[in-house]
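Here's the structure we're looking at; comments come further down.
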Amino acid sequence: MEEAARAVREQCPGVRPRVAVILGSGWTLPAEGWTERGAIPYHRIPGLGAPSVSGHPGRLAAFGLPAGDLLVFQGRRHWYEAADWNPVAVPIHLARRLGCRAVVLTNAAGGIRADLEPGRLMIIEDHLNAVGWNPLVGNSDWWSETPFPDLSETYDATLREILSAVGRERGLDLAGGVYAAVSGPSYETPAEIRALRNLGADAVGMSTVPEAILARAAGLKVAGLTLISNRAAGLGGRRLTHEEVLQTGRQSAGRVTAFLAAVLERMVGHPALRAEERT
């Protein structure tokens, strides 16, 4: 983890980010007018490695915004790629070590709730960890002051209000809901979707929840944003494919990218994220 932090500092000297964002499938940045202050491919970051999933470029870039600096993880590593938590944990560790106060987690997911059609954005209000494992197992003392981190308010209310406010200003019909994370890489069965719906899930994907757990244990504020890419198994009358996920991302790219850029600019300048720098 410390080697990873040193590698990023060498490629992005002097960067002091307040916010980090991890881009999931179908999500793109940067916005026009941002100044890139350094970049490094994932394969050159110890413990991270190149993504194996299409739609995840595998590049970390630092940008200077008018109100401060931002880390952009262009793509993510998933637990199912190696059955190893290190590649999932490295971006959160880097955000913490480089001074971030908050992390924004984005993803593409299958819509379970009836109103969550492809192309709609959902603010994550809470989650279900159906991965079958917790990334803090064996490591909680390193990530947190307590072996039992509290997750009763995982997704920060102030950050969720920023998401909602920017959405209203842009005329977007944002939903709120509960995101369920499964391990993947296979898609869920219709029976599993029925079970998740009965448990209270509104959307389902293969990421985000482990990162949210790690970030909260590390003391970071967390926001989660989902692009509904398809109807979940058994609900859309068609077979599920990763190409459909990417296609929805391409079709939604203009409004989604502009919305996310506006959100990040506001978060970077928000007083709640201007507290003392981390060391």
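Given the Cα-Cα distance of ASN134 and ARG16 and 0.36 nm per residue of separation, how much length would full extension add, in nm?
Numbers: separation 118, 0.36 × 118 = 42.48 nm, distance 2.98 nm.
39.5 nm is the gain from fully extending ASN134 to ARG16.
Over all directions, what mean area does the Cα convex hull of the stretch 87-158 project, stated in square nanometres? Mind dumping the intermediate values first?
Numbers: hull surface 26.6 nm².
Hull-based average projected area comes out at 6.6 nm².
Rg(Cα) of the stretch 130-242 divided by 2.2 N^0.38 Å? If you can, show how the numbers build up before the last one.
Numbers: Rg = 16.0 Å, N = 113, 2.2 N^0.38 = 13.3 Å.
So the Cα radius of gyration is 1.20 times the expected 2.2 N^0.38 Å.
How big is D, in µm² s⁻¹, for the chain by Stokes-Einstein at 20 °C and 1.002 mPa s if Rh is the Kirkwood radius over C-alpha pairs?
Details: Rh = 18.6 Å.
Answer from the Stokes-Einstein relation: 115 µm²/s.
Calculate how large, on average over all directions, the projected area of the Cα convex hull of the stretch 185-259 is; give the answer in nm² to one decimal. Walk me through the numbers before you get to the answer.
On the way: hull surface 25.5 nm².
For the stretch 185-259, averaging the hull's shadow over all directions gives 6.4 nm².
May I ask you to derive the relative contact order of the chain, considering only C-alpha pairs under 8 Å and at least 6 residues apart, and to give it as an integer percent? Kindly include the intermediate steps, with their values, before the conclusion.
On the way: 593 pairs, mean separation 73.9, N = 279.
Once divided by the residue count of the chain, the mean separation gives 26 percent.
Bear in mind these aren't lab numbers, they're just calculated from the coordinates by the rules spelled out. Computed from a prediction, not measured in an experiment: that's the story for all the values here.
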